[in-house]
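Student: Structure incoming, see below.
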Amino acid sequence: MDIDGTLTLVPPARLEGYGVRLRAWADTDLAGLVALYDDPEMARWTPVASPFDLDAARRYLAGAREGQAEGRKVQLAITTDGVLPRGEVLLFRSGSDERDLELAYGVGSAHRGQGLAARAVRLTAEYTVREIRPRRVVLCIDAANAASEAVARSCGFRPTDEPPVRRASRHREAVLRTWQLRA
């Protein structure tokens, strides 16, 4: 935590465990980003562009790099081999309290059902608690997203009694419940 109480996020050099390897996105991943995000389920639950084409992938990667350079967020490809992106895990300052860090995640349709999201979230949450030491690690999940809620539960997150978080998401308002990592 910085002296002013805010968190500056520095990406880990390498993050590996639970059978996943998390790494920074590369220019060579543009087609992989399209394969992951040009999907109706990703469009339903995430704020990414839809349809998600190569131009959208370029903008997305540029935004990820800008956020990382500013110390606001870290976006990592979820891989099992260090090469093929199968999903993504994001870590960013919470909009509710900058002493908190929020995680978000998504797995491509071809890679769902393998426990990748849970393994990546667990690994990232452990890293966050150990290395960054925020006040809290949280997830914000749409109550209708049963798959994401199952991932949250399996990783030790529990819903809080906080009011719902409202976020604009592609011409609609998403209403999200806050989940907190239990210590």
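Just so it is clear, none of the values below were taken in a lab; they were calculated from the coordinates. Note that the coordinates shown come from a computational prediction; the quantities given were computed from them, not determined experimentally. Note: ideal-geometry Cβ built from the backbone for every residue, glycine included; neighbour counts use all protein chains shown.
Student: Under a point spin-label approximation (7 Å from Cα along Cα-to-Cβ), what is the residue 31-residue 44 distance to one decimal in nm?
Tutor: In this crude label model, residue 31 to residue 44 measures out at 2.8 nm.
Student: Just to check I understand the Karplus step: with θ = phi - 60° and J = 6.51 cos²θ - 1.76 cosθ + 1.60, what whole-Hz values come out for region 177-182, glycine and proline as x?
Tutor: Calculated HN-Hα couplings, in order: 8, 8, 10, 10, 5, 7 Hz.
Student: Region 66-101 to region 28-61: how many Å between their Cα centroids?
Tutor: Going from one Cα centre to the other spans 15 Å.
Student: Sorting check: for 100-107, 44-51, which peptide has the highest mean count of neighbouring beta carbons within 10 Å, and how do the rest follow?
Tutor: Numbers: 100-107: 22.1, 44-51: 15.9.
The densest-packed peptide leads the list: 100-107, 44-51.
Student: Just grab the label-to-label distance for residue 16 and residue 59, each label 7 Å out from Cα along the Cβ direction, in nm (one decimal).
Tutor: Between residue 16 and residue 59, the simple spin-label model gives 3.6 nm.
Student: First select every other residue whose beta carbon is under 12 angstrom from the beta carbon of residue 155; then total the charges, Lys and Arg +1, Asp and Glu -1.
Tutor: Details: positive: 119, 122, 153, 158, 182; negative: 126, 149.
Overall, the nearby charge balance is +3.
Student: With a sphere of radius 11 Å drawn around the Cβ of residue 145, what net charge do the other residues whose Cβ falls strictly inside it have (Lys, Arg +1; Asp, Glu -1)? List each step's numbers first, then the result.
Tutor: Details: positive: 44, 177; negative: 41, 142, 149.
It works out to a net charge of -1.
Student: Another question about this same structure. Given the -39500 (n - 2.57) contribution per DSSP H run of 4+ residues, what per-residue ellipticity at 222 nm results for the chain, rounded to the nearest 500 deg cm²/dmol? Can you show the working numbers first?
Tutor: On the way: 5 runs with 51 residues, N = 183.
Rounded to the nearest 500, the figure is -8000 deg cm²/dmol.
Student: Let me ask something else about it. In nanometres, what is the gap between the two model label sites at residue 144 and residue 112, each 7 Å from Cα along Cα-to-Cβ?
Tutor: Computed distance between label sites residue 144 and residue 112 equals 1.5 nm.
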